[in-house]
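Everything below concerns the one structure shown next.
Every number here is computed from the coordinates shown, using simple stated rules; none is lab data. Quick caveat, the model's predicted, so the values are computed rather than measured. Methodologically, a virtual Cβ is constructed for each residue, glycine included, from the backbone with ideal geometry; neighbour enumeration extends over all protein chains shown.
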Amino acid sequence: NLSAVSEFVFVGLSDAPEIRFLLFVLFLLIYLATMAGNTTLLVAISTDSHLHSPMYFFLCNLSLLDLLCPTITVPKMLGALLLEHKEISFSGCLFQHFSLIAVVGTEIFLLAVMAYDRYVAVCHPLRYPSIMSTELCAQLAVGTWATGLLNSLLHTSLVFTLSFCGPNKIQQYYCDIPPVLALSCSSTHSRELVILVVAGVLGSSACVVTVVSYIFILLEILARKSPGSWHKAFSTCGSHLAVVCLFYGTTICTYVRPSFTYSPHWDRGVSMLYGMLTPLLNPIIYSLRNKEVKCALKRVISQV
């Protein structure tokens, strides 16, 4: 109610018609491939009794997040590229912002939970069923989603209770924190500080859990002195850590920094990495290298 701005306008990715059409086709194909890959993975895990274990339960949650993340932003971007409909209402921007931050935050915490799950499986294999019980897995999953939602509620309330009374052009293809803050005619320094502290504490905590879990995994594998187990462990950890580094690196570059360092062109490219490419690659990196998942996927595809 304090805002004089009733809607925002996305600047978009390009004004050239021929480039807009090519970008529309490219992003549409990426979006459809992401939807198909993650949906197929969800169906395969839910219908195959051999995959009803904690690891695949968390993988289902990850696939669901990877379905939501591009769905929140990409359809609006495709509409802007094809129909030049770049406007979004104030409430629509608020909802998009809240949903995206909730999904991104939940995925950060889920990656940490998945790393802990792998640590228990490798370092305590005999106690794995008792430690990673159904009750604990459910509590961890609910906890990651609840923390992501509460974190998003805090960030959204800090950003959208500011006054917006001047420019309304968002230098991005969705409602993100830095470009929206840049449009406020209120002082944002104190709120930026709170956002940085909260994001830094929660993000670094999840990152520490992930890194420490994989350090213990590597130490355990090295202690076994088996070249075969070394190769398998390094291959699995390398793929996982590559996605973790990509996700953490892009989100930190986008969110955990002051607004005066904001660069529209750079941030649009960075946000596409975690908003579009990471959800596309996650099913491949996390599951298609797994023989059990491959067999389940073949059964699903053959039935279809």
Pairwise label distance in nanometres, residue 29 with residue 71, each label 7 Å out on the Cα-Cβ vector: 2.4
Contour excess over end-to-end distance, with Cα ends at residue 142 and residue 19 and 0.36 nm allotted per residue: 40.0 nm
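I need the calculated FRET efficiency for the pair residue 127 and residue 11, taking r as the beta carbon distance and R₀ as 41 Å, to the nearest 0.05. Display every interim value, and only then the final one.
Working: r = 54 Å, r/R0 = 1.31.
It comes out at approximately 0.15.
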Are there any GluC sites (Glu not before Pro) in segment 84-139 that are in a DSSP loop and have at most 13 other Cβ atoms within 10 Å? List them by number. 84
Applying the gyration tensor rule to the Cα atoms of segment 54-198 (axes a ≥ b ≥ c; rounded if a/c under 1.5, else prolate if a/b exceeds b/c, else oblate), the class is prolate
Along the Cα→Cβ direction, 7 angstrom out, place labels at residue 241 and residue 277. What is the inter-label distance in nm? 2.0
